[in-house]
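Structure, as structure tokens:
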Amino acid sequence: MGAMSTYRIGVIGLGQRIAHVLAAMKEVGWDLDLAAYVDPAPVGAPILAAAQIPLGRQCADPAELLARGRYDLLMLGAPNHLHLEHLLVALEAGAPIFAEKPIVRTEAETQVLARRLARAGTPPVHVGLVMRSLPIVREVVRRVRAGDLGEVVSLDATEHLPPEHGGYLARNWRRRQAWGGSYLLDKVVHDFDIFGVLAGARAARVASFGGRRIFTPERGDGPRAYEDGSAAYALRDAGWAAANDAFQSDMDVTDHQVAMVEYENEVRLSFHANSHVGLGERRWYVAGTEGTLIADLVRNRLMARRALFRGKPERIDYGGVTADAHNGADQEMARDLLAALEGRAAFPVTPYESMEAGLTVMAIDQAMETRQVVECGPMWARYDAACSGAEDRLAEEVL
Ligand SMILES: NC(=O)c1ccc[n+]([C@@H]2O[C@H](COP(=O)([O-])OP(=O)(O)OC[C@H]3O[C@@H](n4cnc5c(N)ncnc54)[C@H](O)[C@@H]3O)[C@@H](O)[C@H]2O)c1
């Protein structure tokens, strides 16, 4: 397709996320026609209205959507438990696919998808691991790959969310494992994707502890307002299958969790996530044999210094900090997607890297549930067998 063509787009799951991505695509100059969508109650409609993108025709199900003509791009953005089903249908249509992360929700689903992707003639699948498109992340990856830090020895990382965000997660579909997978799978699969790149290897073994100590009924009588009197835990419409109250919901995922990973090449990582903090943070600390780097993803700042250097650290401020906490990543990803569809550049992340990041987080959750160190080797062996197209009993049980 040439740069001037109109992209005819079909969407399955028109929530906040796909609406934001479509708005970013329009903003960076895509010529797009949202021709049709499947969504019983599109949460993203107000976002599209604000971006002046007409909704297109509502279809009852993916079969009707696909029957209504050919698409240049299919975009999948339903809750996570529907991703595999939607991917399997969309892959049959043959058009390029943009699918939201986590690409699938369980190991069994990963095996089904890996086997499906191994078939000849599979259309391209671009996954919304949007951090891959962020300039600060690209620079971190570039420096690590170029050996600027020497060999990477160890990493620590955090993602701490303010109470409004945590309260949203406790009310939205992400609160249930059956829909979202887990807190870490939905929220930090982005980070574990990049950690795998920085480590330069797969996870060999993982440990994790976590639970629910914040959004519990026992804390439901706690303060519900900020110091200025404005209401807390109330700001966002929690969308599809929402619960009314962050403290009185049927949440079964964690609201805080820690994890440790030892990679196959002996790079070691610790990670800490909390969904109700006064000091928000998303920070990666990368320690190499010759240098150290801190990426502050909230403030969009990079700091680096060689170990044997006593002068001031190098600081790069990427600016462009935005209220949505994405700091311009959506627009960068929209450019990357267009470049991929036009054949100018490969998309920054493959579906295989997406599945591997997901499996790493799933192993971490298994370690948390069993309170055991999980050896990842058998999981990778099952995954590699699935990628090579081999039959697998686990996969057959899932559908
Ligand atoms: N890459 C990112 O930074 C990022 C950010 C947010 C969300 N996401 C991902 O995007 C996806 C959607 O998240 P969201 O925040 O937009 O959620 P959302 O709740 O805003 O939207 C989900 C939409 O799916 C619709 N839906 C429910 N059942 C459906 C069905 N059977 N068929 C079609 N549509 C159906 C809902 O009506 C809703 O409109 C998730 O996979 C999430 O992990 C990614």
*CD proxy at 222 nm, helix term only [per DSSP H run n ≥ 4: -39500 (n - 2.57); per residue of the chain; nearest 500]*: -10000 deg cm²/dmol
*Considering the Cα trace of region 1-115, what is its radius of gyration and what is Dmax, both in angstroms?*
13.7, 41
*Mind pulling the per residue volume of the convex hull built on the Cα atoms of region 132-327? Å³ is fine.*
138 Å³
*State the Cα centre-to-centre distance between region 207-273 and region 295-311 in whole Å.*
29 Å
*Compute the distance in nm between two label points, each set 7 Å from the Cα along the Cα-to-Cβ direction, one at A201 and one at E342.*
4.1 nm
_Please give the Cα centre distance for region 350-393 versus region 36-106, rounded to the nearest Å._
27 Å
*Potential extension, T216-R268 segment - 0.36 nm per residue separation minus Cα distance*: 15.5 nm
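For E139 and Y352 in the same chain, what is the full-extension length gain: residue separation times 0.36 nm, less their Cα-Cα distance, in nm? Kindly include the intermediate steps, with their values, before the conclusion.
Numbers: separation 213, 0.36 × 213 = 76.68 nm, distance 2.22 nm.
Computed gain between E139 and Y352 is 74.5 nm.
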*So for E100, E151, E353, E227, fewest C-beta neighbours within 10 Å to most, what's the order?*
E227, E151, E353, E100
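By how many nm would the segment from K312 to S5 grow when fully extended, if each residue of separation counts as 0.36 nm and the alpha-carbon distance is taken off? Walk me through the numbers before you get to the answer.
Working: separation 307, 0.36 × 307 = 110.52 nm, distance 4.96 nm.
Length gained, K312 through S5: 105.6 nm.
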_With the crude spin-label approximation of a point 7 Å out along Cα→Cβ, what separation in nm comes out for A118 versus D237?_
4.4 nm
*asked:* Given axes a ≥ b ≥ c from the Cα gyration tensor, I'd like to know whether the chain is rounded (a/c under 1.5), prolate (a/b larger than b/c) or oblate.
replied: rounded
*asked:* Pairs of alpha-carbon atoms within less than 8 angstrom and 6+ residues apart define the contacts here; what relative contact order does region 132-327 have, in percent?
replied: 32 percent
*Arrange H272, H190 by Cβ neighbour counts within 10 Å, fewest through most, would you?*
H272, H190
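Taking other Cβ within 10 Å of each residue's Cβ, how do L269, L308, L91, L55 sort, fewest first?
In order of increasing Cβ crowding within 10 Å: L308, L55, L91, L269.
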_Please report the net charge: other residues with Cβ closer than 15 Å to the Cβ of P124, K and R +1, D and E -1._
-2
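Taken together, the values in this text are just the output of simple stated rules run on the coordinates, not laboratory data. All values reported here derive from a predicted model rather than from experimental measurement. Positions of Cβ are generated from backbone atoms using ideal geometry, with glycine treated the same way; all protein chains shown enter the neighbour counts.
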